[in-house]
1. Against the conditions (1) loosely packed, with under 11 Cβ neighbours inside 10 Å; (2) part of a strand (DSSP E or B); (3) not β-branched (Val, Ile, Thr), where does residue 75 fall short? Just the number, please.
2. Would you pick out the residues in region 78-122 that are part of a loop (DSSP other than H, G, I, E, B), at pLDDT 65 or above and of a type in the set (A, V, I, L, M, F, W, C)?
3. If a residue has to be touching a Pro at 6+ places or on another chain (Cβ under 7 Å) and either over 12 Å from residue 2 (Cβ atoms) or loosely packed, with under 13 Cβ neighbours inside 10 Å (or both) to count, how many in region 13-38 make the cut?
4. Note down all Cβ pairs under 6 Å where the first residue falls in region 57-79 and is assigned by TED's automatic domain parsing to the domain that holds residue 90, the second is of a type in the set (Ser, Thr, Tyr) and at pLDDT 90 or above, and they're at least six residues apart or on different chains.
5. Pick out the one residue from 53, 65, 45 that is aliphatic (A, V, I, L, M), out of contact with any helix residue (DSSP H, G or I) (no Cβ under 9 Å at 6 or more places or on another chain) and in a strand (DSSP E or B).
6. Please state which of the following conditions residue 53 fails to meet, knowing it meets all the rest: (1) modelled with pLDDT of 90 or more; (2) farther than 21 Å from residue 97 by Cβ.
Amino acid sequence: MLALAVLAPWATLSSDLPVWIGGALAALSVCCALGLAVRELRRQAQPVVIDAAGGVTVDGQPVEAFRIDWRGTLGFVSWRDALGRTHRRHLWPDTLSPGLRRELRLAVPASGAGRGSDSMSP
């Protein structure tokens, strides 16, 4: 996140924008990136527990529609709380050890195309 705070101003200042627009966008991008970094640093960890029956609790509260989508080494987690609000978190490669990542992949069943009985042509 902090790399974006450095690279975004450099990208806007090296573009063909007028200097006053590029400078304003550079300052805005630094403020936004630093604000996001501070917000992420203040966010507390939320432990996820998946029991043997498939029930999921996040931070001690039962949740519904728990889902993990994997795109390479990135994990995208979403769920609905008791009030029906959707929450999303992103799992970067440095947030989980390889062992915990594998355990999470095995604990949550894969969902996606090709899982039905008619996935092959006749």
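1. (1) is the only condition that residue 75 fails.
2. 82, 83, 92, 96, 108
3. Here the count works out to 2.
4. Matching pairs, first to second residue: 67/78.
5. Unique residue meeting the criteria: 65.
6. (1)
The values are calculated or read from the model by the stated rules, or taken from the named source; none is laboratory data. Computed from a predicted model, the values in this text were never measured in an experiment. In this analysis, Cβ positions are derived from the backbone assuming ideal geometry, glycine residues included, and neighbour counts consider all displayed protein chains.
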